[in-house]
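The block underneath contains the structure these notes are about, expressed in structure tokens.
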Amino acid sequence: MKTYSLKCTGCGAVYVQDYPWPRCEKCGGLLEVEYDYNSIELPRNFKTQFIKQWKYRPFFPVSRKPVTAGEGGTRLKEVGPGLYLKIEIDNPTKSFKDRGSTVEITKAVELGFDRVVVASTGNMALSVSAYSEIAGIEAITFVGSGANLNKIDMIRNRGGKIVQVDGDFNDAMSEAEKFAKMSNAFLIGDYLYRKEGQKGVFFEIIDQLGFNPPDYLFVPVGNATLISASYKAFQEFIKFKLIDRVPKIVGVQAEGAKPFVNYVKTGKLRKSSINTDADAIAVGYPTYAEQARKAIKETGGEAVTVTDQEMRDAMREIYRKAGVCAELAGASAYAAMIKHRIREGKSAVAVVSGGNI
Ligand SMILES: [Zn+2]
């Protein structure tokens with residue numbers, strides 16, 4: 001049977017595998033799932049199995065039957081020689097968030113919770129409300145003033161509960177944490193279980209490329225959970241000898257909200273102002289900055305910015321080349337890939353993260 005523990009990324013304290021809070025009691029650091037990889041067994045036909053999120057179940061920290069809406073198996077669309085878009089808009093609620101939600105909500109049910117609490121800029125809440133509905137549990141969403149109002153309306157129309165916080169996304173996150181603790185609800189969002197689920201994007205990319213990793217991977221960075229998940233996914237495939245090298249990971253932020261780019265440059269994480277229409281990556285203080293920085297440093301990647309106009313142009317090109325409507329943040333990684341001018345003979349994948357417009 002698969003075993004794992006939870007380890008604090010701050011002080012190294014170790015918690016039992018079903019400890020229900022995502023932060024360390026001692027230092028407040030983020031907990032991380034640490035598998036005993038010897039306890040993970042891949043089916044013999046792993047490589048040839050049909051590609052979808054739960055194909056990678058051996059790398060997800062749950063044991064019960066999944067709460068699923070058929071997420072994953074999204075298209076990897078070639079848009080130039082060796083250049084690909086990973087179309088996460090193909091997911092049930094039109095963003096990569098479904099991959100985290102399916103794992104988180106499954107875990108919530110496994111641990112016996114009937115209520116989850118989440119902070120979101122929009123897409124995550126859309127996704128969480130859908131999966132909570134399927135599981136028959138209650139979801140309460142905390143949003144800051146920068147959240148996308150159309151997305152919030154969509155959640156309300158589906159009967160979801162919204163708490164509006166006077167402040168930004170980071171304030172919404174700390175209010176959600178307080179409320180969850182007080183009300184004994186399961187706190188979800190950009191924490192360990194979501195990160196585990198988001199690895200699915202990258203397992204699929206590698207799988208769809210016949211286990212030949214691309215030279216570059218472009219990932220949008222808001223709270224930096226997705227980019228951190230990419231690194232962990234590649235490390236796990238290396239451990240299981242499914243690949244023998246990892247792509248250079250390039251983190252992409254909006255020019256108008258670039259705390260992570262500044263952090264990579266200076267080594268100091270400072271809260272940044274938000275001046276971009278790309279709401280899904282408009283985060284002033286990314287929770288997973290430290291892990292994401294490691295991902296970039298250790299793969300020889302970098303952190304770059306794109307302007308809102310560059311994202312708009314990329315949106316149009318994605319529509320033209322792949323026939324899908326990306327939202328602004330969803331086009332950020334492709335905008336960076338265009339700007340980067342990948343050399344001939346090199347391969348690259350850009351994650352088109354969402355399309356809720
Ligand atoms: Zn700690």
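With the requirement that a residue be of a type in the set (A, V, I, L, M) and either touching a residue at least 60 places away in the same chain (Cβ under 8 Å) or in a loop (DSSP other than H, G, I, E, B) (or both), what does region 300-325 give you?
A303, I318, A322, V324, listed by residue number.
On the given criteria, is K241 at pLDDT 95 or above and either assigned to a loop (DSSP other than H, G, I, E, B) or within 16 Å of E32 (Cβ to Cβ) (or both)?
yes
How many residues, within region 244-271, are in contact with a helix residue (DSSP H, G or I) (Cβ under 9 Å, 6 or more places away or on another chain) and buried (at least 20 other Cβ atoms within 10 Å of the Cβ)?
13
Right, P61: within 13 Å of the ligand (Cβ to nearest atom) and surrounded by 18 or more Cβ atoms within 10 Å (Cβ to Cβ) or not?
Here the answer is no, as P61 does not meet what is asked.
Just to be sure I understand, how many residues within region 1-22 are more than 8 Å from the ligand (Cβ to nearest atom), under 23 Å from the mean Cα position of the chain (by Cα) and either within 16 Å of S228 (Cβ to Cβ) or in a strand (DSSP E or B) (or both)?
5
Take region 272-283 and flag every residue that is surrounded by 17 or more Cβ atoms within 10 Å (Cβ to Cβ) and either assigned to a loop (DSSP other than H, G, I, E, B) or aliphatic (A, V, I, L, M) (or both).
If the condition is that a residue be surrounded by 17 or more Cβ atoms within 10 Å (Cβ to Cβ) and either assigned to a loop (DSSP other than H, G, I, E, B) or aliphatic (A, V, I, L, M) (or both), then S272, I274, T276, A278, A280, I281, A282, V283 are the ones that fit.
Considering (1) within 29 Å of P214 (Cβ to Cβ); (2) more than 16 Å from the ligand (Cβ to nearest atom); (3) in contact (Cβ under 8 Å) with a residue 60 or more places away in the chain, say which one V33 fails and leave the rest.
(2)
Do we find a residue being of a type in the set (K, R), in contact with a strand residue (DSSP E or B) (Cβ under 8 Å, 6 or more places away or on another chain) and surrounded by 12 or more Cβ atoms within 10 Å (Cβ to Cβ) anywhere in region 17-25?
Scanning region 17-25 turns up at least one residue that is of a type in the set (K, R), in contact with a strand residue (DSSP E or B) (Cβ under 8 Å, 6 or more places away or on another chain) and surrounded by 12 or more Cβ atoms within 10 Å (Cβ to Cβ).
Within region 326-357, how many residues turn out to be surrounded by fewer than 16 Cβ atoms within 10 Å (Cβ to Cβ) and in a loop (DSSP other than H, G, I, E, B)?
Going through region 326-357 one residue at a time, the tally reaches 6.
So, in region 148-198, of the ones that are of a type in the set (G, A, S) and in contact with a helix residue (DSSP H, G or I) (Cβ under 7 Å, 6 or more places away or on another chain), which residue ends up surrounded by the fewest Cβ atoms within 10 Å (Cβ to Cβ)?
Checking each candidate, the answer is G160.
Taking the criterion of being more than 30 Å from R316 (Cα to Cα) and surrounded by fewer than 24 Cβ atoms within 10 Å (Cβ to Cβ), would at least one residue in region 125-132 satisfy it?
no
Might you check whether a residue that is without any contact (Cβ under 8 Å) to a residue 12 or more places away in the chain and more than 22 Å from the chain's Cα centre (by Cα) occurs anywhere in region 99-113?
The answer is yes, given that some residue of region 99-113 is without any contact (Cβ under 8 Å) to a residue 12 or more places away in the chain and more than 22 Å from the chain's Cα centre (by Cα).
The values are calculated or read from the model by the stated rules, or taken from the named source; none is laboratory data. As the structure is a prediction and not an experimental result, all values here were calculated from the model. We place every Cβ from the backbone using ideal geometry, glycine too, and count neighbours over all the protein chains shown.
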